[in-house]
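Working notes, beginning with the structure itself.
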């Protein structure tokens, strides 16, 4: 089954997957026009998909230049079920709130706070506003 919405509100399946202990493949655009994709932790805050990175990382620099982003969240219990969110980063939050947020995500995924010595620069919360969301459940429909 594929279902597509073109609205900024999170689809219930997107919210379910982003709230769960599921990983996201996050794609941004490099200055060369090529794409960069990496696996990240993902969450939901105030009805938006959120990610947490550091200001020295390439993905952050890419998003400062071009806020367009794709976030694909895979159901870790069923890899044939996922949500793709195409949109843009409409908020970047730094400071103590971002530092606390990485601990929240770390507790969700690992059961403990994020190691302070793993932080190389300032943490930043990336708030993603969807422009298009596609929900796929290949258990219900195997067409692509």
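Once the Cα atoms are used to define both axes, helix 96-110 deviates from the longest principal axis of the chain by about 50 degrees. Look at where the Cα atoms of the range 8-78 and of the range 82-109 average out, and the two centres are 8 Å apart.
Rounded to 0.05, the FRET efficiency of the residue 35 and residue 117 pair, given R0 = 30 Å and the Cβ-Cβ distance, is 0.45.
When the Cα gyration tensor is reduced to axis lengths a ≥ b ≥ c, the ratio a/c is 1.5 or higher for the range 75-134, and with a/b not above b/c it is classed as oblate. In the chain, helices alone account for a calculated mean residue ellipticity at 222 nm of -6500 deg cm²/dmol, with every DSSP H run of four or more residues adding -39,500 (n - 2.57).
What number, in percent, do you get for the relative contact order of the chain if the mean sequence gap of Cα pairs under 8 Å and at least 6 apart is divided by its residue count? If you can, show how the numbers build up before the last one.
Details: 308 pairs, mean separation 49.5, N = 144.
Once normalised by length, the contact order is 34 percent.
If a spin label sat at a point 7 angstrom from the Cα of residue 132 along the line to its beta carbon, the backbone N atoms of the range 59-90 nearer than 13 Å would be those of 69-71, 84-88.
Taken together, the values in this text are just the output of simple stated rules run on the coordinates, not laboratory data. Note that this is a predicted model, so its numbers are computed, not measured. Ideal geometry is used to build each Cβ from the backbone, glycine not excepted, and the neighbour counts take in all protein chains shown.
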